[in-house]
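The values are calculated or read from the model by the stated rules, or taken from the named source; none is laboratory data. Owing to the predicted nature of the structure, the values given are computational and were not obtained by experimental measurement. With ideal geometry, Cβ positions are generated from the backbone for all residues, glycine too; neighbour counts draw on all protein chains shown. Just so you know, the surface numbers come from the protein's heavy atoms only, side chains and all, with ligands and any DNA or RNA stripped out. Shrake-Rupley method; radii C 1.70, N 1.55, O 1.52, S 1.80 Å.
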Amino acid sequence: MPPHNLSDFVKAYDVRGLVPEQLDVDVAWALGAAFAEVVVTRESNGSRPRGCVIGHDMRATSPELSKAFGAGVTSRGIDVTHIGLASTDGLYFASGHLDLAGAMFTASHNPAAYNGIKLCRPGARPVGQDSGLADVRDLAQELLDGTSELRHEDDGKTDEHDVLADYASFLRGLVDLTAIRPLKVVVDAGNGMGGHTVPAVLETQAGLPALPLEIIPLYFELDGTFPNHEANPLEPANLVDLQAAVLEHGADLGLAFDGDADRCFVVDERGEAVNPSAITALIATREVAREVAAGTPAGDVSIVHNVITSAQVPEVIAALGAKAVRTRVGHSFIKGEMARANAVFGGEHSAHYYFRDFWFADTGMLAAMHVLAALGEQSEPLSATMAAYTAYAASGEINSTVEDQAAKTLLVREWADGKGVEVDELDGLTLTHSAGEGDPMWWLNLRASNTEPLLRLNVEAADADTMAAIRDDVLSVVRGTARGIS
């Protein structure tokens, strides 16, 4: 057996593994050399490749791993630009702004024992299993095993370039916050990269003028051991400190970023978490309005959403006269569909928000700025602003450990027989029950995990009682507790 089996931790969209048991400097070097060969060189069409940009988060192992990856890249004759500490959307900015392939060293919200790599082509275009990552993995494995040896190249050059100020200036050019009413904002960076980017974008650390924002920082100290809580705001327990601080300071809202700050979660003035689907609907409304104001007919404006965002998202988009484009869960699907449709915006339930003006890439900071602008341009509290986008009751994603995922999915489909549902299999099983007289609307999606023996359930309904009834019925089938079900 080889000392490293890359298939164990090179995932569908990125690399994510334990350090050093899985991901170490040798693996990073091999992945860098393979990335240079598979992605950078092969896409140059015979001309000299332009280079590669590399960033890293605050984890203790990130600088060493990113340098090893860079050495692998330069061994193929490719120049490397190190941007140092960066959020993932900061790396995407550098890739788009400099038109270079990119690598971001981060394990996002994973615990301290992990690290990883997110890869992209020039212009922040994604690299996943179906778009080069599998080939990168296989070539890197051959290099580690000694079964492949790339031809020798003159070493590429290495330089350093801090893009933080350019990133901050670029984002401020997309959403103008200078004229909003003064807002008090609590920001929980979770000891992650939001502690690096928020002072630059929303405050004056990058040399930009002050905005009418009072930022109250929580856990801005960069610390990859995450001493206060995990940098994963999707888990309610990790929002508790932010919610308490919003109430304590009488803040207008709270923002929480994950470890690499490409996702942003929002808490209203009551300390209540705002559903990411509602944020998607809010930003979609703003982006459609901006396009229409610029002269684009509403019917020519597209917004992308995945199969488990709230039903209210396509309803809001349709009411604006724009096109709602539905796609599978996962950033490569969202980005691909956005590029195909030239969509101005895309949103996911997981609080990833994608913008055409940001190379179709996801950026938590730009999403946060849209929320700040929407709140600051009128006098209502955030809870009132978001009420228009939260008409339905949602279960959130519920995971069940299931060995035979296909068999359980079939049982759920059989459970739905005779219930008057529409069946859709774009991504897993989606069942939609339209509202009738005295019969409320509901829908559910049941998806199998690509990497674990899990079924993921999402349910939404016109009211909380209906949602709970459908949720509990389906879980009893999935988990084998329904009568007559094994």
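Data for the structure
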read-out: Flag if T451 is under 21 Å from the mean Cα position of the chain (by Cα), open to solvent by less than 60 Å² (accessible area, probe 1.4 Å), of a type in the set (V, I, T) and closer than 30 Å to L119 by Cβ; value: no
read-out: Residue, nearest to W442 (Cα to Cα), within region 287-334, restricted to residues that are touching a residue at least 40 places away in the same chain (Cβ under 8 Å) and hydroxyl-bearing (S, T, Y); value: S310
read-out: Unique residue being surrounded by fewer than 20 Cβ atoms within 10 Å (Cβ to Cβ), within 30 Å of P199 (Cα to Cα) and of a type in the set (D, E, K, R) when the list is R340, R356, R326; value: R356
read-out: Any hit, region 220-236, residues being among the aromatic types (F, W, Y), surrounded by fewer than 21 Cβ atoms within 10 Å (Cβ to Cβ) and closer than 20 Å to L366 by Cα; value: yes
read-out: Count of region 223-256 residues which are in contact with a His (Cβ under 8 Å, 6 or more places away or on another chain), of a type in the set (A, V, I, L, M, F, W, C) and touching a residue at least 12 places away in the same chain (Cβ under 8 Å); value: 2
read-out: Complete set of residues in region 64-91 that are among the small types (G, A, S) and either touching a strand residue (DSSP E or B) at 6+ places or on another chain (Cβ under 7 Å) or at pLDDT 95 or above (or both); value: S66, A68, G70, A71, G72, G84, A86, S87, G90
read-out: Which listed residue, of A278, A319, A341, A293, is of a type in the set (G, A, S) and closer than 30 Å to A244 by Cα; value: A278
read-out: All helices (runs of 4 or more DSSP H) inside region 238-320 with 2 or more residues being open to solvent by 20 Å² or more (accessible area, probe 1.4 Å) and farther than 30 Å from E221 by Cα; value: 276-293, 312-319
read-out: Filter result for the condition that a residue is in contact (Cβ under 8 Å) with a residue 12 or more places away in the chain, more than 28 Å from A293 (Cα to Cα) and either open to solvent by less than 30 Å² (accessible area, probe 1.4 Å) or not hydrophobic (A, V, I, L, M, F, W, C) (or both), over E403, E348, E377; value: E403
